[in-house]
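Participant: Okay, here's the structure, questions in a sec.
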Amino acid sequence: MAPQDAVLGWDEDTTAEAYAAFTRDFPMYSATSRDLARRAHLADSRLVVDLCGGAGATAEAILELAPAQARVISLDNAAAMQRVGRRTLTDPRLTWVTARAEDLADHIPGPADAVVCNSAIWKTDVEAVAAAVGRVLRPGGRFVFNIGGGFAGVRHSDEQAARIAPSLHTLIRQVAAREHGYAPPPAAYTLPKLPLEEVTEHLASAGMTVLDIEVVAQHSTMAEKKAWLSIPIFARPDGDFSHEQRMDILTKAYALTTPDTATVTTWLVVTAQRPREQR
Ligand SMILES: C[S@@+](CC[C@H](N)C(=O)[O-])C[C@H]1O[C@@H](n2cnc3c(N)ncnc32)[C@H](O)[C@@H]1O
């Protein structure tokens, strides 16, 4: 089953506009997208899928590496995200499809050379998505995606080393506790949502083999984290707060930090492949 929060919030214009502005101003999504597109080996591609493509940051990275005659389909179920993307990214090779990732196979005209999914897979029904990707990939085609370290239950050594100062998340919880009596959710809530073993099982059931798994560190700053936490869908803390209250808590938490403090985000990057046909 897809998680309850899979769609909620993404199909809101305020989130879509804030998300697109963030991707313009900060490198997080363009950098991770470029990394995945590079791993997908797109030089000879004719059809590439940008799965859960949102406002197009990943499609842009794919278009940079795909040949002139390639077609790119960016599929996402949030029309609001795609409205922003359609406005800003007008490459004629790109088609926008508003649909669930789980229904991918119903929307692809022919075998795909690669499917790339940046920063989204854990929001989907991964078993159904893997099965759909397995159906649309040509033999030898690649499925490349990443999982946020917290969701996969992994942490890069650089992130561990950077944890000397409290994170902005921790400060947000402290401010919310002090000013609003906020109590964090029970520990069970923070168990990894999508561990690697589960992912590899779904890939194997869908007939794909894992070519490579890498834990990568993305280096950024407290200022970027603050901007990211200002996007409505990512704003914290959870619970019964208005967006204005969350932004007030964020401002107070951020005032306790230094803007150019280095922060590190961990990603688990998976490259899978549909096996080539035996001769
Ligand atoms: C963090 S954004 C990533 C967008 C883009 N890949 C990027 O890097 O900027 C996550 C996207 O996943 C989409 N999404 C979540 N669950 C989905 C599903 N089941 N089917 C299609 N899209 C989904 C959301 O609508 C959102 O646009």
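Participant: Could you calculate the contour length gain from Ala161 to Thr98, that is, 0.36 nm times the residue separation minus the distance between their Cα atoms, to one decimal place in nm?
Facilitator: 18.6 nm
Participant: Moving to a separate point now. Of Pro232, Ala55, Val144, which is farthest towards the positive pole of the chain's charge dipole, taken about the Cα centre with +1 and -1 on the beta-carbons of Lys, Arg and Asp, Glu respectively?
Facilitator: Final value for the positive-end residue is Val144.
Participant: A follow-up question, please. Where the only charges are on Cβ atoms (+1 Lys, Arg; -1 Asp, Glu), what is the dipole of the range 146-234 about its Cα centre, to the nearest 20 debye? Walk me through the intermediate numbers first.
Facilitator: Details: 7 positive and 9 negative charges, 110 e Å.
Here the range 146-234 has a charge dipole of around 520 debye.
Participant: Follow-up question, since we're still on this one. Angle between the Cα long axis of helix 28-39 and the longest principal axis of the chain, 0 to 90 degrees, nearest 10?
Facilitator: Compared with the principal axis, the helix lies near 30 degrees.
Participant: Next question. Among 49-58, 16-25, how do they line up by average Cβ neighbours within 10 Å per residue, starting with the highest?
Facilitator: Numbers: 49-58: 28.6, 16-25: 18.9.
Taking the mean over residues of other Cβ atoms within 10 Å, the ranking is 49-58, 16-25.
Participant: Then there is this: Please determine, in degrees from 0 to 90 and to the nearest 10, the orientation of helix 126-136 with respect to the longest principal axis defined by the Cα atoms of the chain, where the helix direction is its Cα long axis.
Facilitator: 30
Participant: A follow-up question, please. So, R0 is 22 Å and r is the distance between the beta-carbons of Asp44 and Arg135; what FRET efficiency does that work out to, to 0.05? It would help to have the intermediate numbers written out before the result.
Facilitator: Numbers: r = 22 Å, r/R0 = 0.98.
Efficiency, rounded to the nearest 0.05: 0.55.
Participant: For the chain, what is the charge dipole size about the Cα centre, in debye to the nearest 20, if Lys and Arg each add +1 at the Cβ and Asp and Glu each add -1 at the Cβ? Don't skip to the end; give the middle numbers.
Facilitator: On the way: 28 positive and 34 negative charges, 97 e Å.
So the dipole magnitude of the chain works out to roughly 460 debye.
Participant: Quick one: angle between helix 243-254 and the longest Cα principal axis of the chain, in degrees between 0 and 90, rounded to 10, please.
Facilitator: Helix 243-254 sits roughly 70 degrees off the main axis of the chain.
Participant: Please state the charge dipole magnitude for the range 78-142, taken about the Cα centre, from unit charges on C-beta atoms (+1 on K and R, -1 on D and E), reported in debye and rounded to the nearest 20. Working shown, then result.
Facilitator: Numbers: 9 positive and 7 negative charges, 61 e Å.
It comes to approximately 300 debye.
Participant: What percent antiparallel are the DSSP beta bridges of the chain, to the nearest 5?
Facilitator: Values: 19 of 37 bridges.
Expressed as a percentage, antiparallel bridges in the chain total about 50.
Participant: Same structure again: So for each of 212-218, 68-74 I average, over its residues, the number of other beta carbons within 10 Å; can you give me the resulting order with the highest mean first?
Facilitator: Top to bottom by mean Cβ count within 10 Å: 68-74, 212-218.
Participant: Positive end of the charge dipole of the chain (Lys, Arg +1 and Asp, Glu -1 on Cβ, about the Cα centre): tell me which of Val97, Pro192, Leu211 has its Cα farthest that way.
Facilitator: With unit charges placed on the Cβ atoms, the residue in question is Leu211.
Quick note: the coordinates plus some simple rules give every number you see, no bench work behind them. In this text, all values refer to a predicted model and were calculated from it rather than measured experimentally. With ideal geometry, Cβ positions are generated from the backbone for all residues, glycine too; neighbour counts draw on all protein chains shown.
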